[in-house]
Every structure is written in structure tokens, then in C-alpha cells.
1. Taking the range 314-339, which residues are surrounded by fewer than 22 Cβ atoms within 10 Å (Cβ to Cβ) and touching a helix residue (DSSP H, G or I) at 6+ places or on another chain (Cβ under 7 Å)?
2. Looking only at the range 143-178, filter to residues that are among the hydrophobic types (A, V, I, L, M, F, W, C), surrounded by fewer than 16 Cβ atoms within 10 Å (Cβ to Cβ) and under 23 Å from THR352 (Cα atoms); which one of those is nearest to the chain's Cα centre (by Cα)?
3. If you scan the range 280-320, which residues turn out to be charged (D, E, K, R) and more than 25 Å from VAL228 (Cβ to Cβ)?
4. Condition (residue is in contact with a helix residue (DSSP H, G or I) (Cβ under 7 Å, 6 or more places away or on another chain) and within 30 Å of LEU328 (Cα to Cα)) applied to the range 252-272: is it met by at least one residue?
5. With in contact (Cβ under 8 Å) with a residue 60 or more places away in the chain and within 30 Å of ALA208 (Cα to Cα) as the only criterion, which of LEU301, LEU245 stands out?
6. It is to be established whether one or more residues within the range 444-456 are surrounded by fewer than 22 Cβ atoms within 10 Å (Cβ to Cβ), touching a Lys or Arg at 6+ places or on another chain (Cβ under 8 Å) and under 21 Å from THR42 (Cβ atoms).
7. Taking ALA205 and the conditions (1) within 15 Å of GLY256 (Cα to Cα); (2) of a type in the set (Gly, Ala, Ser); (3) in contact (Cβ under 8 Å) with a residue 60 or more places away in the chain, which numbered condition does it fall short on, given that it satisfies the others?
Amino acid sequence: MSLPVDIVPPAPASRRPRLVPVPRQPEPLALADANLQVPLVTGGTVGYANFDYAASAPAARVAVEAITDLLPRYASVHRGAGLPSQLCTTRYERAREQVARFLGCRDDDAVIFTRNTTDATNLLAHALPAEATVLVFDSEHHATLLPWRRAVRLPIPDSPADAVRAVHAALRELRRGEDAPGPVLLAVTGASNVTGEIWPIAELAAAAHRYGARIFVDAAQLAPHRPVDVAAADADYLALSGHKLYAPFGAGVLAGRTDWLDAAPPYLAGGGATALVGDATNDVRWSTGPARHEAGSPNVLGAVALGAVCEALRTGDRDAAIDRERRLTERLHAGLSGIDGVAVLTLFDAGTPRVGIAAFAVRGLDSDVLAAALSAEYGIGVRDGMFCAHPLTRRLLRHAGGELPGTAVRASIGLGTTTEHVDRLVAAVRRLAGDGPQWTYERLDGRPAPTPDPRPTT
């Protein structure tokens with residue numbers, strides 16, 4: 001019987017707070033950095049225009065509030081007899097349920113808390129049957145491209161339909177003949193972290209299942225922008241990161257079918273993963289379910305914050321948020337595409353649905369210098385480089401043609417992005433593409449930095 005751990009004795013009447021109605025937020029989630037001001041090298045300050053959501057989104061206030069509420073009663077979960085421990089256990093397991101509802105998991109799916117998508121993907125790679133073969137496109141983020149023991153890499157497709165055809169062809173070939181493999185897993189992104197293009201998950205799942213294979217979805221970029229329904233898409237496994245979903249760093253999720261997970265050795269050996277440890281060496285009975293792969297003291301605060309965000313997103317008006325993001329994304333792509341010397345990187349055709357990401361390069365201007373100037377001179381935060389998707393980014397830059405640098409800039413949109421932010425970024429890129437930076441930049445530790453830099457950085 002569980003204790004009513006969320007109930008505390010009432011305060012004396014003289015000390016009870018007056019209940020004040022809380023006004024409803026106009027947006028699904030308010031962000032903790034909404035009023036952040038940053039200094040410019042040219043003088044003065046400006047409201048920060050964050051276009052780096054695809055790397056890490058700022059924390060939502062609902063995540064901050066969940067942590068602030070729990071922190072004074074913070075304790076270890078599952079094995080403590082004290083009331084704070086039972087409270088944290090209740091909140092931790094409630095967070096698991098909130099994530100499961102947010103993802104549309106089946107009743108018998110496991111929801112395992114990890115550190116991030118990379119950790120979740122490596123956990124799944126560890127849990128695969130030894131003879132399993134993994135199909136993965138060269139267009140994947142490195143977290144999905146690299147962890148597998150036996151991988152067959154598929155060429156980067158030219159369209160969503162081409163991706164589905166490629167999976168059919170690869171699985172037909174694998175299943176043909178006497179050397180047909182054992183278990184097969186298709187690993188694929190939900191939305192590209194370079195182009196934002198959404199992949200046809202339901203169609204790919206149907207193709208995989210036709211040949212007895214399973215599908216794993218990297219939803220790190222998809223889940224913050226679109227509803228995800230594991231059961232409806234018939235996905236077998238899915239991973240996401242809290243730090244891309246308006247929760248703090250250090251909490252992620254692997255969700256999906258339990259048979260491979262329960263049959264595999266624990267991801268980490270230690271406390272919490274064991275049902276019984278005997279006196280003899282290797283006399284261990286491991287737990288089943290999520291506990292099997294959550295050894296050690298878990299990130300309770302991170303899980304609770306992630307659960308709170310998942311619940312807020314699930315119950316909020318996501319249609320309105322999606323429509324708003326779509327209009328901002330179209331405005332961003334149209335603005336960047338209209339600048340001379342700018343190449344916007346896309347893999348599929350213009351009609352492909354996409355989340356709020358635009359990767360681009362400027363002819364004759366190094367991408368890291370462009371990113372540094374956007375920050376120092378305009379108060380705009382972007383990401384530059386190859387975005388942990390080197391094969392895809394190289395291909396996109398080659399196909400864009402012209403004298404482009406060897407890396408790109410990525411601008412990504414989130415709940416805090418405004419029309420003013422988009423217009424400021426487009427205007428800044430137009431000026432930098434035409435006239436170059438106003439300031440002088442020198443390389444320090446391999447990165448361009450404004451010289452001198454009058455901004456306080458500590």
C-alpha cells in the first residue's frame with residue numbers, strides 16, 4: 001500500500017496562504033530564458049534570439065518548477081523507507097507514466113530513463129541479440145549511425161519514397177538465400193537534425209515489419225516539434241533527449257518492446273538492477289523491466305522535469321504551436337533563400353514536411369566566422385559545423401555547388417522564437433553575406449572570437 005506522499009499536514013489557519021488564481025499561459029509552455037538580454041560588441045544589449053534549439057532547448061518554466069518543488073525533499077528512490085524517499089519514488093514513476101502517455105506507448109512497452117538520446121541508442125545496441133543486423137542510412141546523426149555491432153549502411157535517399165523503397169530492397173536482399181540473417185533492426189531518424197525534414201516513420205515501420213524486422217526511431221528532433229505516437233506508427237523502439245525537449249541536461253528515454261531488453265545483460269551492473277545476489281561468484285538474478293537497465297541512483301530531478309514537460313506538451317494546444325512554427329519556418333527559409341550567396345541545404349523536395357530547422361552556408365564566408373559575428377554583433381545564437389551528421393552535411397554542401405565553405409550554419413526554431421527573431425536573423429545574414437562582419441575576428445583555441453571583445457563573458 002502506497003503512502004499519500006504528496007499530502008502534507010495542513011498549516012494553521014493563520015499561516016495558510018491565500019489561494020490566488022494562476023493566469024493561464026497563452027503558450028503551451030513558457031520558457032525560463034524568455035527575457036534574456038545579451039551584450040553586443042558594438043555596444044548596448046539586445047534580447048537574445050536563440051536559434052540553437054536543435055542542440056539544446058532552454059528549460060521550460062514547468063521543468064524549473066518541478067525541480068524547485070521536489071529539491072527540498074530530494075532523496076533516493078525505490079529503496080528508502082523515509083517519506084522523502086517515497087515521495088521521490090512516486091514522482092519518478094509518475095514521470096515514467098507521463099513520458100509513456102506523451103509518446104503513445106503500448107501498455108507493455110518499457111520506458112527506461114537514460115542520460116540522452118546517444119545513451120538510449122547505445123543501450124539498445126547493447127541489448128540487441130548478438131546475431132542482429134542493423135540497417136541505417138548514411139544520413140543519420142552519429143548517435144544513430146555508429147553504435148551498432150553489425151550494421152549495413154544504406155545510401156542517403158533522394159526522397160521519402162526513395163527511403164521506403166531502399167528499405168524494401170535491402171530487407172529483400174537480406175532475407176534471400178541460405179545466409180539470411182537473424183533479427184534485423186532498421187534505425188532511422190524521425191526528423192533530420194540538419195535539414196528538419198520529417199521522415200516517413202509509419203511507412204518505414206510497415207516496410208520493416210513486412211520482412212520481420214523491427215524499427216528504432218531517433219525522435220530527438222521530432223518529439224519537441226510534433227506529436228509522437230509509438231503505437232499508431234507501429235514503432236518498436238524510440239529514443240529522445242530531455243535537453244532538446246525543454247528539460248535540463250542529463251535525462252533521456254528509451255521506450256519500446258521489452259523482450260530484447262529483458263533478455264540482454266544489464267546495461268550497467270550494480271544496485272537497483274539486481275533482484276538477488278548470491279554468495280557465489282556470478283550468482284545474480286537480474287531485475288526485469290526498466291530497473292534492469294537503470295542501475296545506480298537515477299537522475300530523479302531530470303526525470304521529473306522531463307515528465308512535467310511531456311505532460312504540459314501533451315495537454316497543451318500543440319496544433320496552435322505547430323501552425324505557429326510552420327509559419328516561422330516558412331518565413332525563415334524564404335528569407336534565407338532570397339539572399340545572394342546563401343545556399344539553404346535540403347535533402348528532399350520543398351513539399352516535404354519539416355520541423356523548424358534551416359541549415360545554410362554563405363559563399364566566401366567561413367561558417368564559424370558567420371556564427372561568431374551573428375552572436376557578437378546581433379545577439380543571435382546559431383550552431384555551425386557538421387552537426388554530428390558528417391556524411392549528410394558533406395553531401396548537402398557538395399550538391400549545393402559553388403564556392404561554399406566546408407561546414408554550414410544551422411538555425412533552429414523553438415517555442416520562444418518570434419517573428420522579430422526570424423527577421424533579425426535574415427537581415428543579419430544578408431548584411432554579413434554582402435559586407436562581411438563589422439568587427440575583427442581572430443582564432444582563439446581554434447574558434448573565431450571578436451578582437452577586442454568588450455562583452456563580459458564570466
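The values are calculated or read from the model by the stated rules, or taken from the named source; none is laboratory data. In this text, all values refer to a predicted model and were calculated from it rather than measured experimentally. Note that each Cβ is placed from the backbone with ideal geometry, even for glycine, and that neighbours are counted across all protein chains shown.
1. ARG314, LEU328, ARG331, GLY335, ILE339
2. So the residue we want is ALA161.
3. The answer is ASP283, ARG285.
4. Yes, because at least one residue in the range 252-272 is in contact with a helix residue (DSSP H, G or I) (Cβ under 7 Å, 6 or more places away or on another chain) and within 30 Å of LEU328 (Cα to Cα).
5. LEU245
6. yes
7. With (1) within 15 Å of GLY256 (Cα to Cα); (2) of a type in the set (Gly, Ala, Ser); (3) in contact (Cβ under 8 Å) with a residue 60 or more places away in the chain applied to ALA205, the lone miss is (3).
This table checks each residue for (1) outside the structural domain of VAL429 (by TED's automatic domain parsing); (2) of a type in the set (D, E, K, R); (3) under 29 Å from PRO160 (Cα atoms).
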residue: ALA295; (1), (2), (3): yes, no, no
residue: THR329; (1), (2), (3): no, no, yes
residue: ALA358; (1), (2), (3): no, no, yes
residue: GLU377; (1), (2), (3): no, yes, no
residue: ASP384; (1), (2), (3): no, yes, yes
residue: HIS390; (1), (2), (3): no, no, yes
